[in-house]
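Colleague: Sharing a structure, written as structure tokens. Questions coming.
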Amino acid sequence: NNFHKQLLERISAVPGVKNATIAYDHPLASNWLDSFQIEGRVVPAESRSQSANFIPVGPDYFDTVGVGLAAGRKFTPQDDADHPGVALVNESFVKHYFANENALGQRIRPGPPGRIWDNQKLTSFEIVGIVRDVKLAGLDAPSEPAYYLPASQAPLDDMTILVRTTTEPLAIVGAVRQAVWSIDPNQPISNVSTLEKVVDDSIAQRRLNMLLMGLFGGLAMLL
């Protein structure tokens with residue numbers, strides 16, 4: 001929407017910002033699993049419903065978080081509510097749902113449009129690109145199927161701002177806050193963090209387990 005467009009323009013102008021985008025989740029915390037249909041494909045009634053991680057993102061998402069393109073194209077600013085619906089899928093999605101055919105050019109109908117976002121014009125999305133897998137549910141979890149839609153075609157109220165910087169990330173937090181509040185002084189901002197800390201937190205339990213294993217092993221040797 002217009003708010004997000006203005007916001008990204010202002011954040012991108014902040015000194016030290018290389019890329020800025022929005023997304024429903026950051027790359028290690030995708031937790032929205034939703035159903036979809038593949039147009040032209042009949043799914044037997046007894047089969048399990050088709051589902052994958054559903055991730056609305058801004059046009060610079062993949063450059064900002066460093067997700068590589070395997071085939072096709074990425075989103076552009078022209079992929080908005082006034083243009084045909086488009087989608088990107090990850091490699092796990094292709095392996096799971098298009099193992100023996102080309103995913104590019106196929107069309108999917110996500111479950112959310114009719115009940116989540118107010119955009120009844122777009123209910124069908126053409127797969128225009130395939131991106132590399134990322135660890136959507138944490139570093140220890142296997143890669144999972146995911147499909148990405150442009151945030152402007154799948155508008156949501158709650159979004160995450162993602163910024164890639166050329167300087168110390170936390171040094172620009174104040175400027176990012178001011179960019180938000182310069183548009184809407186009442187807009188809440190929460191859970192500010194660096195991706196480095198997110199990664200550290202995601203492996204904290206594993207580190208603790210390894211420490212305890214080492215400690216108990218040392219005790220066993222002493223005993």
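Colleague: Considering every residue within region 166-183, establish whether at least one is at pLDDT below 85 and β-branched (V, I, T).
Modeller: No, because not a single residue in region 166-183 is at pLDDT below 85 and β-branched (V, I, T).
Colleague: Out of all the residues in region 137-155, which are surrounded by 16 or more Cβ atoms within 10 Å (Cβ to Cβ) and either among the charged types (D, E, K, R) or under 27 Å from F3 (Cα atoms) (or both)?
Modeller: Result: E144, A146, Y147, Y148, L149, P150, A151, S152, Q153, A154, P155.
Colleague: Check whether at least one residue in region 163-173 is within 21 Å of P59 (Cα to Cα), β-branched (V, I, T) and open to solvent by 60 Å² or more (accessible area, probe 1.4 Å), and report yes or no.
Modeller: Yes: region 163-173 contains one or more residues that are within 21 Å of P59 (Cα to Cα), β-branched (V, I, T) and open to solvent by 60 Å² or more (accessible area, probe 1.4 Å).
Colleague: Given the residues A81, A71, A52, which is the only one that is in contact with a Gly (Cβ under 9 Å, 6 or more places away or on another chain) and touching a residue at least 40 places away in the same chain (Cβ under 8 Å)?
Modeller: Of A81, A71, A52, the one residue that is in contact with a Gly (Cβ under 9 Å, 6 or more places away or on another chain) and touching a residue at least 40 places away in the same chain (Cβ under 8 Å) is A71.
Okay, residues lined up against (1) open to solvent by 50 Å² or more (accessible area, probe 1.4 Å); (2) of a type in the set (D, E, K, R); (3) under 19 Å from S152 (Cα atoms); (4) modelled with pLDDT under 90:
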{"position": "A20", "(1), (2), (3), (4)": "no, no, yes, no"}
{"position": "W32", "(1), (2), (3), (4)": "no, no, yes, yes"}
{"position": "K74", "(1), (2), (3), (4)": "yes, yes, yes, no"}
{"position": "P84", "(1), (2), (3), (4)": "yes, no, yes, no"}
{"position": "A87", "(1), (2), (3), (4)": "no, no, yes, no"}
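Colleague: Given (1) under 24 Å from T194 (Cβ atoms); (2) surrounded by fewer than 16 Cβ atoms within 10 Å (Cβ to Cβ); (3) aromatic (F, W, Y), identify the lone condition not met by Y24.
Modeller: (2)
Colleague: Would region 84-95 turn up any residue that is assigned to a loop (DSSP other than H, G, I, E, B) and under 17 Å from I127 (Cβ atoms)?
Modeller: Scanning region 84-95 turns up at least one residue that is assigned to a loop (DSSP other than H, G, I, E, B) and under 17 Å from I127 (Cβ atoms).
Colleague: Take the residues in region 37-64 that are in contact with a helix residue (DSSP H, G or I) (Cβ under 8 Å, 6 or more places away or on another chain) and open to solvent by 20 Å² or more (accessible area, probe 1.4 Å), then tell me which one is modelled with the lowest pLDDT.
Modeller: Going through the qualifying residues, I end up with Q50.
Colleague: Is it fair to say F3 is among the aromatic types (F, W, Y), part of a helix (DSSP H, G or I) and either at pLDDT below 90 or out of contact with any Asp or Glu (no Cβ under 9 Å at 6 or more places or on another chain) (or both)?
Modeller: So F3 fits the description; yes.
Colleague: Select from region 184-201 the residues that are modelled with pLDDT under 85 and open to solvent by less than 50 Å² (accessible area, probe 1.4 Å) and write down the one among them that is nearest to K135 (Cα to Cα).
Modeller: This residue is V199.
Colleague: Pairs, please: C-beta under 7 Å, at least 6 apart or cross-chain, first residue closer than 16 Å to T64 by Cα and in region 1-16, second surrounded by 15 or more Cβ atoms within 10 Å (Cβ to Cβ) and of a type in the set (S, T, Y)?
Modeller: L8/T21; G16/T165
The values are calculated or read from the model by the stated rules, or taken from the named source; none is laboratory data. Bear in mind the structure is a predicted one, so any value in this text is a computation, not a measurement. Reconstructed Cβ throughout: ideal geometry from the backbone, glycine too, with neighbour counts over all protein chains shown. For accessibility, only protein heavy atoms count, side chains too; no ligands or nucleic acids. Shrake-Rupley method; radii C 1.70, N 1.55, O 1.52, S 1.80 Å.
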